[in-house]
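The structure under discussion appears below in the form of structure tokens.
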Amino acid sequence: MVVTVSVNYLAVLVATVVQMIVGGLWYSPLLFGKMWIKLSGLSQKQLEECKKKGMGKSYALMFLGALVMNYVLAHFVAYTGATTFTLGMQTGFWIWLGFLATTTMGMVLWDNKPWSLYVLNNGYHLIVLLLTGGLLAVWL
């Protein structure tokens, strides 16, 4: 059986912008940026090299990744029949728990990163999926 989903592309674009804004704040010095740098084990030299290379390409690729994620999330929201902000948040939560929280454990288990970095990064993903899931549910 093939299920056809009508996607509101404007809603996907707005959800992507919301995700980029939340990410910008989450990883800024205002919130958790300094902690993220420390927990990631990045040196000041590495950060300066990133800045010298230019961040435009990195932000463009991150935007593209967020756009794809929100397009797929819109499908999950439609598949679950979520039509309220709360139901959209529930969809986002289950996607976070089943796909992100589980697969990103590898950075702790295999990459020798601290659990606190796992919590910090997954906190961001959880907040984003709750917000964008809710937004997409009321706007699709």
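No lab work stands behind these numbers, since they all come straight from the coordinates. Quick caveat: nothing in here was measured; it's all calculated off a predicted structure. Positions of Cβ are generated from backbone atoms using ideal geometry, with glycine treated the same way; all protein chains shown enter the neighbour counts.
Helix 9-26 versus the longest principal axis of the chain: what angle, 0 to 90°, nearest 10, using Cα atoms?
The angle comes out near 30 degrees.
At a Förster radius of 25 Å, what calculated FRET efficiency corresponds to the Cβ-Cβ distance of L42 and I21, to the nearest 0.05? Present the calculation step by step, with values, prior to reporting the outcome.
Details: r = 23 Å, r/R0 = 0.91.
Efficiency computed from Cβ-Cβ geometry: 0.65.
With all distinct Cα pairs included, what does the Kirkwood hydrodynamic radius of the chain come out to in Å, to one decimal, could you say?
Numbers: mean 1/r = 0.0619 Å⁻¹.
16.2 Å is the Kirkwood radius here.
If the chain between Y59 and W110 were fully stretched, how many nm would it gain, using 0.36 nm times the residue separation less the Cα-Cα distance? Display every interim value, and only then the final one.
Details: separation 51, 0.36 × 51 = 18.36 nm, distance 2.68 nm.
Full-extension gain reported as 15.7 nm.
Using the alpha-carbon atoms, what tilt in degrees (0 to 90, nearest 10) does helix 56-80 show relative to the longest principal axis of the chain?
Roughly 30 degrees, rounded to the nearest 10.
Defining a contact as two alpha carbons under 8 Å apart and six or more residues distant in sequence, what relative contact order in percent does region 9-139 show? Before the final figure, lay out the partial values.
Numbers: 118 pairs, mean separation 50.8, N = 131.
Rounded, it is 39 percent for region 9-139.
Under 23 Å from the Cα of K51, which lysines turn up, not counting those fewer than eight places away in the same chain?
Qualifying lysines at Cα under 23 Å: K34, K38.
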